[in-house]
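Below: one structure, written as structure tokens.
The values are calculated or read from the model by the stated rules, or taken from the named source; none is laboratory data. What you are looking at is a predicted structure, and each value in this text was computed from that prediction instead of being measured. Please note: Cβ atoms are built from the backbone with ideal geometry, for glycine as well, and neighbour counts cover all protein chains shown.
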Amino acid sequence: MKVVVFGTGYVGLVSGVCLAEVGHDVTCIDINKSIVKSLNRGISTISESKISTLLLKNIKNNRFKVTGNQQEAMQNAQVSIIAVGTPFDGHKIDLSYIEKVAKSIGSELKNHSSYHVVCVKSTIVPGTTDNIIKPIIEKSSGKKCDEAWGLAMNPEFLAEGTAINDFMHPDRIVIGAEFPRTFNIMKELYSPFKNSLVLSTNIATAEMIKYASNTFLASIISFSNEIASLCDVNNKIDILDVMSGVHADKRLSPILKTGRVKPGLLSFLHPGVGFGGSCFPKDVKSIISYASEMKLKVPLLKAVINVNDNQVQVLIRKIVDNLQIIKGQKITILGLAFKPGTDDIRESPSIKIIKALLSLGAKIQAHDPKAIKKMKGIFSNEKIYFSEVLDDVLEKTSAIVLLTAWPEYKDLHFKSIAQKVPVIDGRRFLEKKNFKHYVGIGYNSSKSSNFKIQRKK
Ligand code: UDX
């Protein structure tokens, strides 16, 4: 099939390259000339595992290209995928990029003779496709939906760092549409993904599935963090022991004949310094703002954000409690990215924590294997020592604060400094028994818990 993808961010580029990989003829559209040039040379403009290999392979076999020429790209194309950003503007999602693309797709459709499906992949609140995107395309094309073109909503479930794998091996393909012709074309688009679960539904439900999925995961992170705060006030309880007991519920980790299954979901039922990234904070806030527009109260979702915002304070309090005086102290920050495996620092708790520590007068030295360049952009006016060499930031420090669970921190206890200063673990990633002075979210004592759980390897 001939497919056009609007947008070459994480979602657009990953979707475009993967659809080319399974045999479609894909053209991505981007208005930025340097992005077009770079991608056509096979140089990825996003940092994502495996993307460069697939990009080069599909450019070579003529199944993938990028252009700024929309008219040429859309000629004879059967599907246009909208994958542009929908940033949160502080009150609600900003639809300006998506509206612009919808308008220009509509203008092209004026000249189209064959049926064309417009597929929305960007994350948008329920009703947006039907009430905003559809009228824009109808107006600019002069054609009614389903007369000459169809409209589908097809949310993405791509996590940064595993996005290629998530696309190539989908856990679900959600197709929201109204007309049989549209469903048929969308099913053809995804036909190479044999044996995948395809959920066909209406457009608004497809929009809602995306929000329900992300707010659910964000909720269980905040739930774990609230339980962690309850554990923190009793020095006999360690949240990790508590969560081991929760995880062992057979409805969360079923016991099969072959042994116990440990679903990936359990890693979200884990305490930490809070969720970040380009999706969870934005999606929870967007759906809260949608609820308010609908004059609906959503106290649970509001609490998810409140608990998350407070986690940064929980960690700062632990640093202050353990150092007493922050002014003039050198503090080591391990990890800047919002999660390991990415250079993305959007909504990373590390930003707020570094800002707070600087305002208290601390001197910061920070390590991250990937995210330093981006973080320097945020703190360009501050004196922070950044290094990609771990040992560089472990010298002459008063405390070590772990904020991203990068695998290279697992052996921190072998560094002599880590036995001399407080180690404050914002991800409960380190083994507390390996340190002389360990402090963690949901664990508030040098005394160890009496509750010993035999963790099976
Ligand atoms: C998320 C969704 O997972 C993805 O399906 C959706 O399409 C986009 O949003 P992403 O933002 O890349 O993807 O990151 P994800 O790996 O889900 O992490 C989000 C937050 O959850 C991070 O703050 C991370 O620290 C936390 N997290 C992630 C956990 O607590 N446990 C995990 O196992 C993974």
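Data for the structure
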read-out: Members of the stretch 11-34 that are surrounded by 24 or more Cβ atoms within 10 Å (Cβ to Cβ) and in a helix (DSSP H, G or I); value: VAL11, GLY12, LEU13, VAL14, SER15, GLY16, VAL17, CYS18, LEU19, ALA20
read-out: Options GLY272, GLY264; residue that is within 11 Å of the ligand (Cβ to nearest atom) and surrounded by 21 or more Cβ atoms within 10 Å (Cβ to Cβ); value: GLY272
read-out: Among (1) in contact with a Cys (Cβ under 7 Å, 6 or more places away or on another chain); (2) more than 25 Å from THR342 (Cβ to Cβ); (3) within 16 Å of the ligand (Cβ to nearest atom), the one test that MET153 misses; value: (1)
read-out: Any chance SER289 is away from the ligand (no atom under 16 Å from the Cβ), at negative phi and surrounded by 15 or more Cβ atoms within 10 Å (Cβ to Cβ); value: yes
read-out: Number of the condition not met by ASN62 [criteria: (1) out of contact with any Phe, Trp or Tyr (no Cβ under 8 Å at 6 or more places or on another chain); (2) on the phi < 0 side of the Ramachandran plot]; value: (2)
read-out: Residue list for the stretch 319-346, restricted to those being at positive phi, crowded, with 16+ Cβ neighbours inside 10 Å and at pLDDT 95 or above; value: GLY335
read-out: Restricting the stretch 416-430 to residues that are touching a residue at least 24 places away in the same chain (Cβ under 8 Å) and within 18 Å of ASP392 (Cβ to Cβ), the residue that is surrounded by the most Cβ atoms within 10 Å (Cβ to Cβ); value: VAL423
read-out: Those helices (runs of 4 or more DSSP H) lying entirely in the stretch 35-137 with at least 1 residues farther than 21 Å from HIS24 by Cα and modelled with pLDDT of 95 or more; value: 96-109
read-out: Sole residue being surrounded by fewer than 16 Cβ atoms within 10 Å (Cβ to Cβ), more than 15 Å from the ligand (Cβ to nearest atom) and not charged (D, E, K, R), chosen from SER140, SER96, SER104; value: SER96
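Yes or no, residue by residue, for (1) touching a Lys or Arg at 6+ places or on another chain (Cβ under 9 Å); (2) outside any strand (DSSP E or B); (3) of a type outside the set (Asp, Glu):
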| site | (1), (2), (3) |
| --- | --- |
| ASP344 | yes, yes, no |
| LYS352 | no, yes, yes |
| GLY361 | yes, yes, yes |
| ALA366 | no, no, yes |
| GLU408 | no, yes, no |
